[in-house]
Amino acid sequence: MRSGVAVLLALAVAGVVAVLVVAAGDDRAVAHAVGLPAIGPAGTLAQGDRLCRRDIEVPVSFERVRVVTTIARGLPGPPLAVRVSQRGGDTRIARVPGGYPGGTVEARVGHFPAGATVDVCVRNLGVREVVLLGIPPGVLLGELGDTNVQVEFAVVFARDRPLSTLGQVPEMLQRAALFKPVAPWLLWLLLGGVVLGLPALLVAALRSSAAAPRDEPPADAAAAAPAPARAEKAETAAAVPVGVRTLRRPGASGPE
């Protein structure tokens, strides 16, 4: 019993340690994103044109901004100016050099604090046209065929230094608390209950199964067990005819 509990606890501890190791090694630079997957054109920027996405609430801090582009005929993309304005705060502009082949481009705009509400604007500084991609906010993928829905370009906010999944657990719990009227400390309590409660339940189940009484045969059945053997001997003796001599093997002693 004790060995079974020890093995079960060892497996539970090993599982928790494995999850922590994987979470600690999974580094991610992306802090927040809106408008993904970027599968529809939000706007075409000719020389000097600008397109903005406003009132983006970013719950975490960031230093870099990424947008998704596509270039006609696969030509090199034009240089871009990315402007980030915080409501009641700073406004910063960063430049994306030209020559990129389309896809995701990034501009380092400097540090913005967690919880900032920002406007992101992209201006075409080159001659060649560029298309910004995105998706309509709050629209399902099956509704993309509706031409009356305005597509907003995707914006990805990234950190200078990647952060592991384990390090993002406090932010995850704070975001989860936004969807339910509970405090973050209660979510921490529930998480601890899951981590510690599941092994405890398994140990309790193992102890309960070991303490359960084993099925034993009833006393009447045990007493009646030799009866078939005695009956078989009696039948064997009755099958030998009376007066038949028992032959002796050569060299055996005793009366015939």
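Read the figures in this text as sums done on the coordinates, not as results from a lab. Given the structure is predicted, the values throughout are model-derived calculations rather than measurements. As a convention, Cβ positions derive from the backbone with ideal geometry for all residues, glycine included, and neighbour counts pool all protein chains shown.
Here are the numbers:
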quantity	calculated
Chain lengthening between E106 and E129 when straightened (0.36 nm per residue, less Cα-Cα)	6.5 nm
Cα gyration tensor category, rounded, prolate or oblate, for the stretch 29-162 with a/c compared to 1.5	oblate
Stretchable slack from R95 to C121, in nm (0.36 nm times residue separation minus alpha-carbon distance)	8.2 nm
Two-site label geometry, Q47 and A200: point separation in nm, points 7 Å out along Cα→Cβ	7.1 nm
